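Q: One structure follows; several queries about it will come next.
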Amino acid sequence: MAATSTANVFTRDALRGKIAFVTGGGTGICKDIAQTLLEHGCAGVAIVSRKMAVLEQSARELTAKAAAAGASGVCVALAADVRVPEQIEKALADCVARFGKLDILVNGAAGNFLALSAKMSYNAFKTVIEIDLLGTFYTSRAAYPYLVKSKGNIINITMTNHYTGMQLQAHAGAAKSGIDAMTRHHAVEWGQDGIRVNAIAPGPIENTEGMSKLAPPGYNETLQRTIPLGRMGTVREVANAVLFLASEAASYVTGAILVVDGAAWMTIGGMNYPDGIEAFKQLKAKL
Ligand code: COA
Ligand code: NAP
């Protein structure tokens with residue numbers, strides 16, 4: 001099994017003075033992204049989603065952890081639903097009013113569940129498209145004027161399920177493949193403004209809401225066995241990839257979709273198609 005890297009391979013001032021806006025930053029993978037950005041010199045990180053109580057608690061925790069790591073950056077909580085452009089515009093304006101600029105946008109807000117395409121409601125499909133795909137567009141579009149000024153960069157959080165057409169994921173796969181396309185279109189269109197646009201496609205990441213929603217009980221062991229690197233990833237392994245793309249180390253990288261998955265998609269794409277383990281058979285029968 002491949003080792004998990006916990007080393008800090010980037011200098012602590014890799015993002016000195018930068019300001020970041022992280023949607024979905026109150027929980028899971030994007031919370032660790034916010035922490036990693038702060039620990040590497042960001043002067044301010046706004047974490048943005050719907051649940052203010054969760055965001056406020058995370059913002060306090062992240063500011064304290066940054067201080068404990070010797071960083072002076074501040075994390076602030078801003079409530080907004082990415083499906084509502086006016087709320088995102090206001091959150092971005094509040095972030096810039098608080099910190100004076102915006103350098104890094106991480107589009108991480110998402111919604112997902114396992115559902116059969118033939119049975120899921122029209123609104124279920126639409127909801128995931130609205131959060132993931134439209135939310136990423138609204139936030140990128142609203143952040144653009146600030147990013148032009150700073151010559152900043154965008155990192156979209158996508159996934160790999162659509163690479164193989166995985167069952168039970170047509171809604172999320174459709175949304176995330178749209179985000180992959182948007183990453184390339186924006187990289188081309190906004191490259192002329194000095195804005196870099198990249199994406200990270202995580203594989204199965206341990207101890208996350210995403211995995212608890214997508215892996216039926218009893219599936220994790222099979223999953224681990226099928227991943228070439230022999231284990232799930234950690235939130236920090238995704239965050240370190242974001243740190244690379246956000247930093248000057250990636251100054252000539254744009255339009256890239258960096259897969260962080262231990263080569264999982266190449267071997268588990270079918271989720272044991274059609275129902276290789278009992279847990280999946282039972283789950284599909286219930287949906
Ligand atoms: N299976 C099938 N359909 C589902 C579903 C499920 N597990 N969960 C919700 N839906 C449907 C609802 O029934 C509803 O459709 P309907 O109006 O036709 O009944 C539609 O999706 C919207 O659900 P609602 O609960 O009103 O949406 P919401 O905006 O409050 O929440 C979700 C969005 C459903 C994506 C919710 O799970 C969420 O907020 N998720 C965020 C966290 C997350 O998913 N993390 C993992 C990221 S990978
Ligand atoms: P998570 O903790 O549930 O994160 C999703 C976040 O999105 C939550 O903080 C949620 O906060 C926010 N959100 C949802 N709907 C929103 C809306 N309408 N407006 C604003 N914010 C909204 O899940 P995670 O597993 O860490 O996933 C994080 C990202 O990684 C997602 O983009 C996901 O698709 C991607 N990913 C995860 C995995 C994995 O293994 N976990 C694999 C591949 C890709 P609120 O509820 O407060 O709004």
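Just so you know, all these numbers are worked out from the coordinates, no wet-lab data involved. A quick note: this is a predicted structure, and the numbers were derived from the prediction, not measured. Methodologically, a virtual Cβ is constructed for each residue, glycine included, from the backbone with ideal geometry; neighbour enumeration extends over all protein chains shown.
Q: Charges at C-beta only: +1 for Lys and Arg, -1 for Asp and Glu. How large is the resulting dipole of the chain about its Cα centre, in Debye rounded to 20?
A: Dipole size: approximately 200 debye.
Q: Another question, if that's okay. Mind listing the long-range amide H neighbours of VAL76? Cut-off is under 5 Å, sequence gap 5 or more, other chains count too, H placed in the peptide plane at 1.01 Å from N.
A: When sequence neighbours closer than 5 places are left aside, the close amide H contacts are VAL45, ALA46, ILE47.
Q: Could I have the simple spin-label model distance between LYS213 and MET1, label points 7 Å from Cα toward Cβ, reported in nm to one decimal?
A: Computed distance between label sites LYS213 and MET1 equals 2.6 nm.
Q: For LYS126, which lysines qualify as cross-link partners when the Cα separation must be under 28 Å and same-chain residues fewer than eight apart are set aside?
A: Those lysines meeting the cut-off are LYS31, LYS51, LYS90, LYS176, LYS213, LYS281, LYS284, LYS286.
Q: Restricting to Cα pairs below 8 Å that are 6+ residues apart, what does the relative contact order work out to for the chain? Please round to a whole percent.
A: Details: 568 pairs, mean separation 54.2, N = 287.
Relative contact order for the chain comes out at 19 percent.
Q: Need the full-extension length gain, VAL9 to TYR273, defined as separation in residues times 0.36 nm minus the C-alpha distance. One decimal, nm. Write out the running numbers ahead of the final one.
A: Details: separation 264, 0.36 × 264 = 95.04 nm, distance 3.86 nm.
Once the chain is fully extended between VAL9 and TYR273, it gains 91.2 nm.
Q: By how many nm would the segment from SER117 to ARG184 lengthen if fully extended, with 0.36 nm per residue of separation less the alpha-carbon distance? Provide the component values of the computation, followed by the final result.
A: Details: separation 67, 0.36 × 67 = 24.12 nm, distance 2.74 nm.
Contour length minus the Cα-Cα distance gives 21.4 nm.
Q: Give me the dipole magnitude in Debye, nearest 20, for the range 1-67 about the Cα centre, with unit charges on the beta carbon: positive for Lys and Arg, negative for Asp and Glu. Let's see the in-between values first.
A: On the way: 8 positive and 5 negative charges, 25 e Å.
Approximately 120 debye in magnitude.
Q: Whole number please: convex hull volume per residue of the Cα set in the chain, in Å³? Don't skip to the answer; put the middle values down first.
A: Numbers: hull volume 35.1 nm³, N = 287.
Hull volume normalised by residue count: 122 Å³.
Q: Could you give the dipole magnitude of the range 1-136 about its Cα centre, charging the beta-carbon of Lys and Arg +1 and that of Asp and Glu -1, in debye to the nearest 20? Please report the intermediate quantities before stating the final value.
A: Values: 14 positive and 12 negative charges, 19 e Å.
In total the dipole reaches around 100 debye.
Q: For SER251 and ARG16, what is the calculated FRET efficiency with R₀ set at 25 Å and r taken between the beta-carbons, to the nearest 0.05? Intermediate values should be presented prior to the final figure.
A: On the way: r = 15 Å, r/R0 = 0.61.
For R0 = 25 Å, the calculated efficiency reads 0.95.
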